[in-house]
Amino acid sequence: MWFLRRMLRIPWTAKKTNERVLNEANKRRSLVRTIRKRQAIFLGHVMRRGKLEHLVTTGKFEGKRSRGRQSEKIMDGLITWLGSGKVSDILATVKDRDLWRDMIANAYKQGT
């Protein structure tokens, strides 16, 4: 964010939030969108391949869960990003490569 502040000549004493600086520069945050897009592309690759990674991504492990807040799973993040309701919907869509690419492209354009 420092480079935008420098380009816009905003002094450090100005109490502007990062969101205001982004609005002034007409920019949006894109790192999370890029990460989600790459995760979706990798998930499609793994699911179509159907090897060990497929089992790890869709399967469950035996044993106790660790204490504390559970970490977010890739599938949970993709469900919210893609706007799909269930994991089974995503797994069915992955099989059709063109439909999967269109779904990723639409989610990326919407900026969710």
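A short reminder: the numbers here are calculations on the coordinates, not readings from a lab. Model, not experiment: these values are computed from the prediction. Ideal geometry is used to build each Cβ from the backbone, glycine not excepted, and the neighbour counts take in all protein chains shown.
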Response to the item:
The relative contact order of the chain, taking Cα pairs under 8 Å that sit 6 or more residues apart, comes to a percentage of 28 percent
Worksheet item: Put +1 on the Cβ of every Lys and Arg and -1 on every Asp and Glu Cβ in the chain; which of Asn23, Leu52, Gly85 then has its Cα farthest towards the positive end of the dipole?
Response: Asn23
Fill in: Cβ-based exposure ranking for Arg49, Arg65, in which fewest neighbours within 10 Å come first
Arg65, Arg49
Practice prompt. Work out, step by step, the length gained on full extension between Asn26 and Arg65: first 0.36 nm times the residue separation, then minus their alpha carbon distance; give nm to one decimal.
Written response: 9.7 nm
Worksheet item: Can you list the residues of the range 24-42 with backbone N under 17 Å from a point 7 Å past the Cα of Ala105, pointing along Cα to Cβ?
Response: 37-38, 40-42
Worksheet, complete the sentence: Between (1) 1.19; (2) 0.97; (3) 1.13, the structure-derived Rg/Rh (Cα atoms, Kirkwood Rh) is (3)
